[in-house]
Amino acid sequence: MAEPLRSTVGQFSSAGGRWQPRGQNMRAVEPAPDHPRAERGSLYILIEVTGAGGGHAALYRQLLTAAQVAFYEVGDTVEVALRQAVREVQAVLRRANEALPEAAWRAGLSMVVRYGPHLVIGQAGPSLVLVSHPKTVDVFPARLGDSGPALGGPDRPEVVIYDATVEAGSMVLMAQSDWAEQAKLEALAVAAASPSVSQATQYLGQLAGSADLSALLISFDYDIPSVKDAGAGVRPLEGGATGITGEAESPAAESARPQGKGLFGGLFGRGRTPERVEPEEVEAAPLDLEPEPELPEEPEVVAPIVTKPAPWPPSHGVRSESEPAPSLAEQRAAAEAENRQRAAWEQRIAAEAEAGVATEEIALEPEPFEPSAPPRRSAWPLVLALIFIPLLILAVVVGMLLTRTRAADAQFTEVLAGANNVITQAEQSTDDAAAAQRLAGAKEFLDQAKALRPNDEQLGEMLNRYENLVMRVEKVTPLYGIVPLWPFQGDTGHQLERVMATGESVFVLDKATNQVNRFTRSALGDSVEPVGDKPAVQKGDPVGDHTVGDLIDMVWIEAATANQRSLLHVFDAAGELVAFDEVYGQKRLIVDRAKWVTPQLIAGYNGNLYVADPGADQIWRYAPTANGYEGEPTPWFQEDKKPDMAGMVALAIDGHIWLLHSDGRLLKFLSGEQRAFAWDGLPSPFSSPSALALSQEGDRLYVADPGNSRIVEATKDGKFLRQFKAREGTLLSGIRHLFLDESKGIFYIVTADQLYKASIPQAAPAQ
């Protein structure tokens, strides 16, 4: 029969490089053996929440309680209980986000259930759990991100369940997923393999540095009962281990584990089982009882003689019972008179002491005690005290609140006046750059005002002035009426990456389902309908002697000659090119791939096919042939003039070749030579741009910038013209691709799972 295991629970939590006494995002629940739910096991929870604003502490309490209650209330298997706990956490987060949309709270959840040596691990969203064994450390999940999307969003929560075991010397490390960015998994494995919780937390502190990180640790050892005092014949072992679950480890418990050597000693040097130590029995020595020595008689104690001042208070006459109780005013007058008498008495005593005047000598002998009837006292002082003291306290509290309110009012008025002054200066400025600097100062004032009085009417008016001025200075043009055309739904998830429109057809590439979906536009262009029962192209389609693989990119290439047809070209992971003809269907195209390294994007111009190959830092140009593009490609760049194509996210051609990078760089080339291009007047840098669209008939280019929830319009010389933002909401923060339909004056936009259309406001004149 296996020895029972005891657990030792510890935590690590740091903020700004300082250790915190208690982590807000973790909880350990270890029911007593006689608890009705003890058979469900012990539950350990760690939650990591991201989101704007404060309120995390209160939210953590709600989430932890929801998970705990759901787990122990579900009368089913542990796996079912864990899944219910995840659903409850998701529900709490969704409600919190509905109440405060701007917070955009997301969470990752790790739960570990332990009963005996068995563990059940449940994870959803970003999470990380390590379980150490004598010579190995298991990591859950094996790859970060395998536990599905973060909780709190629109996606259905995914719960991943694992089974594991522990033994004496094992440790469970439940950590935020951010630890993986702070330290290597090998270093975290060393922490999990530490001989004790205390050593593990010390090591985690070194790894955390100044980062805000937390972790929950549970170590396991044999449950050695504590030794009871059995009399003189038994000597308890010093520092013996106790059997108290959840208490700090004793020195003996730590020393019983083998200590690792070097950095990885704890990982590979913990194969021994701790030895059990029994109490040592010793022979009781006979006691030599000698008689106690007789004590001498106590000497007579003589009371010392001390000097004693005249007693206080002076004797007062006792009021007879027939006399009426004095009034409150009389009591106050009597108290004041008594205080004056006492002060005079103290002054006299001090003067006599300075002059050396002898006072009466009295022996400290007990005087006979004769009880006398206590004087009758009035109850009015007590009654008055019970009435007036609470009133006094209330008055003080009210006064403090009024003082604070007046101070807050004065501060709010001052801050709002400062904001008004700066906004007025910005409104009167004719220099947009200078106005933008003043607006930055105005935002600081407004943030302070919102913290003091978020719902103030004057503040609301000031915010409207500020937002209107920002729109003017930063040349923001609202996009009204962004029309949802088609929601992509289903349990498999979606990852829309490309959208193309030609004639009456709209094509959308979904990399999650590996499909190109075809839609037809209505006459007004305000709605679309799927064409046919199957996608235009999808993974697994047999095309000639090729089976279509994972889809990479697509482009519509207009025919440049009479012998060429306008076709949709779809590029798959095998480097094959499949054409889709709206009349004749699918066709495999021959492409010479001999020189490719890692092709990533395709584009078309003047009937030619262009393949962007970041692995070779090259763009391959193909001329059309009868069977596709079977001729040898022409390298666009000379060998000594190749650009760095790492981080490229978009390829566009209008006679020039344009390469957009994820850091916001836009490179412009003509005939293989780089041309000068620089952004001019951009209000703020790009943040993770995702798409580039070019006007084929004019001097405009458009960059989708989801990091700033905008679409930027500029000239092809780089001069900033304006930026489009959604009038309501943050829809453009999820933009994955952008297609410009110049003939109809509209944008087609795809997010991860939605197709939209937006009318382009009248173009701004170039300056």
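The simple Förster model, with R0 at 25 Å and r as the Cβ-Cβ distance, assigns Thr502 and Phe720 a FRET efficiency of 0.25.
The average projected area of the range 1-134, computed from the convex hull of its Cα atoms over all directions, is 10.0 nm². Dividing the convex hull volume of the alpha carbon atoms of the range 431-573 by its residue count gives 244 Å³ per residue. The range 161-214 and the range 716-748 have Cα centres lying 45 Å from one another. Here the Debye sum runs over all C-alpha atoms of the range 643-686 as equal scatterers in vacuum, and log10 of I(q)/I(0) at q = 0.17, 0.25, 0.34 Å⁻¹ comes out as -0.49, -0.96, -1.27. May I ask you to derive the FRET efficiency for Asp699 and His56 from their Cβ-Cβ distance with R0 = 45 Å, giving the value to the nearest 0.05? Computed FRET efficiency for Asp699 and His56: 0.40.
The alpha-carbon atoms of the range 622-701 define a convex hull whose volume equals 129 cubic angstrom per residue. In order along the range 562-572, phi translates into HN-Hα couplings of 5, 8, 10, 9, 6, 9, 8, 9, 10, 10, 10 Hz, rounded to whole numbers, per the Karplus curve 6.51 cos²θ - 1.76 cosθ + 1.60 with θ = phi - 60° and x for Gly and Pro.
Loop-only check: which trypsin sites (Lys or Arg not before Pro) in the range 1-79 are DSSP coil with at most 16 other Cβ within 10 angstrom?
Arg22, Arg37
Across the range 573-585, rounded Karplus estimates of 3J(HN,Hα) from the backbone phi angles (6.51 cos²θ - 1.76 cosθ + 1.60, θ = phi - 60°) give 5, 7, x, 8, 10, 10, 9, 10, 9, 4, 9, 9, x Hz, Gly and Pro being marked x.
Simple rule: put +1 on each Lys or Arg Cβ and -1 on each Asp or Glu Cβ in the range 23-160, find the dipole, and look at Pro134, Val86, Tyr44; the Cα lying farthest toward the positive end is Pro134.
Here, P(r) means the percent of Cα pairs in each 5 Å bin from 0 to the largest distance; for the range 76-134 it is 4, 15, 22, 19, 16, 11, 7, 4, 2, 0. Specify the inter-centroid distance of the range 542-581 and the range 478-512, based on alpha-carbon positions, in whole Å. Using only Cα atoms, the two centres lie 20 Å from each other. Extension gain, Glu457-Glu742: 0.36 nm per intervening residue step, less the Cα-Cα distance, totals 98.2 nm. The share of alpha-carbon pairs in the range 492-651 lying farther apart than 25 Å comes to 31%.
If you average 1/r across every pair of different Cα atoms in the range 479-759 and take the reciprocal, what Kirkwood value do you get, in Å?
19.4 Å
Once you charge only the Cβ atoms, +1 for Lys and Arg and -1 for Asp and Glu, what is the size of the charge dipole of the range 479-759 about its Cα centre, to the nearest 20 debye? Before the final figure, lay out each step's value.
Details: 27 positive and 37 negative charges, 109 e Å.
Dipole magnitude for the range 479-759 comes out near 520 debye.
Going from the fewest other Cβ atoms within 10 Å to the most, the residues Tyr466, Tyr584, Tyr44 appear in the order Tyr584, Tyr466, Tyr44. Ordering Asp717, Asp613 from the fewest to the most neighbouring beta carbons within 10 Å gives Asp717, Asp613.
Computed from the coordinates by the stated procedures, all read-outs in this text should not be read as laboratory data. Please read all numbers here as calculations on a predicted model, not as lab measurements. FYI the Cβ positions are ideal-geometry reconstructions off the backbone, even for glycines, and counts take in every protein chain you see.
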